[in-house]
1. What number of residues within the stretch 185-221 are touching a strand residue (DSSP E or B) at 6+ places or on another chain (Cβ under 6 Å), at pLDDT below 90 and not hydrophobic (A, V, I, L, M, F, W, C)?
2. Name the residues in the stretch 209-265 that are more than 24 Å from the chain's Cα centre (by Cα) and among the acidic types (Asp, Glu), would you?
3. When the stretch 130-157 is examined, which residues are found to be open to solvent by less than 60 Å² (accessible area, probe 1.4 Å), under 30 Å from residue 255 (Cβ atoms) and in a strand (DSSP E or B)?
4. Can you tell me how many residues in the stretch 222-247 are open to solvent by 10 Å² or more (accessible area, probe 1.4 Å) and either over 30 Å from residue 32 (Cα atoms) or at pLDDT below 90 (or both)?
5. Listed residues 180, 133; which is without any contact (Cβ under 8 Å) to a residue 60 or more places away in the chain and aliphatic (A, V, I, L, M)?
6. Within the stretch 213-223, can one find any residue that is at positive phi and without any contact (Cβ under 8 Å) to a residue 60 or more places away in the chain?
7. Please enumerate the residues belonging to the stretch 194-220 that are touching a Pro at 6+ places or on another chain (Cβ under 8 Å), open to solvent by 10 Å² or more (accessible area, probe 1.4 Å) and of a type outside the set (Ser, Thr, Tyr).
8. Quick one: residue 119 ticks every box in (1) touching an Asp or Glu at 6+ places or on another chain (Cβ under 6 Å); (2) closer than 20 Å to residue 22 by Cβ; (3) not in a strand (DSSP E or B) bar one, so which box is it?
Amino acid sequence: MRGDGDGWVVGDNGTQHWGKHGAAGLLLRAPAPDGEPTVLLQHRALWSHQGGTWALPGGARDSHETSVDAAVREADEEAGIGSARLHVRGERVTARVTSGWTYVTVVADAETQLDTTINGESTELRWVPEEMVDHLPLHPGFAASWPALRTSPLRVLLDTANVLGSRPNGWWKDRSGATVELLAALSDALPRTVELAGGSFGWLTRIEAVLEGEARAAQFEDARVPVIHAEGSGDDELARRANDGYALTAMVTADRGLQQRLPTGVQVLSPSTVLGWLR
């Protein structure tokens, strides 16, 4: 029933939390013109709880809603952004109290900085560069959860042959053509937030695709997916590049031999995970 989540939950110590069934908020990212991530923030109206602070659009979850449903609905009500152009990347329980009340942050991306429409719960809506978020006076709850929600620049190396071979779609009939098709689809999926092992997030603007053998005949040019032609073994080229000290690197491969050659700290993404970005 719409609105049956509105109300306070009171804990044993008298603390109050809004939302009879918990609450949810939407952390929506979009690239700035230079490709760097920005986050949609709401400057809360002075009359509201913790008014005057900056936080995510969000509110109480109704009994029939999932956290994603609630976060997207609240963001539409408070910022007028709709749901058609949002891509949900994950969700996190970012607050939990002994009464059972929880706050879930739903992480999503938009391809561009969407236009917004303010309502009475806000004095301003702003796309804030991610690196500037903690320069603002944040709502205490959001301030506590932000370090675990922010992204780091992510580099991804693609074992193209391994990913191509994971799909029984007849790629062997035209290896170079199938390679171009794969790389074009990946470029269209960027930029994006990527959920990583351990619960952290990366911001991905490009994927470095290493080609070997017949696939080197593929003709593809897109700055989002730069192509590297391995002079010899593709695995040798990938291992070399993985060892060049980039701060946060992930390798897309199911090749266990290659995985064993990776330095500590390089995360492995399965081909199925990355192919899932194409849906």
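1. Residues flagged as touching a strand residue (DSSP E or B) at 6+ places or on another chain (Cβ under 6 Å), at pLDDT below 90 and not hydrophobic (A, V, I, L, M, F, W, C) within the stretch 185-221 amount to 1.
2. 212, 214, 221, 231, 235, 236, 237, 244, 255, listed by residue number.
3. Result: 151, 152, 155, 156, 157.
4. 13
5. Result of the check over 180, 133: 180.
6. Yes, the stretch 213-223 has at least one match.
7. 203, 206, 208
8. In the conditions (1) touching an Asp or Glu at 6+ places or on another chain (Cβ under 6 Å); (2) closer than 20 Å to residue 22 by Cβ; (3) not in a strand (DSSP E or B), residue 119 misses (2) alone.
The values are calculated or read from the model by the stated rules, or taken from the named source; none is laboratory data. As the structure is a prediction and not an experimental result, all values here were calculated from the model. Methodologically, a virtual Cβ is constructed for each residue, glycine included, from the backbone with ideal geometry; neighbour enumeration extends over all protein chains shown. The accessibility values were calculated without ligands, DNA or RNA, using every heavy atom of the protein model including side chains. Shrake-Rupley method; radii C 1.70, N 1.55, O 1.52, S 1.80 Å.
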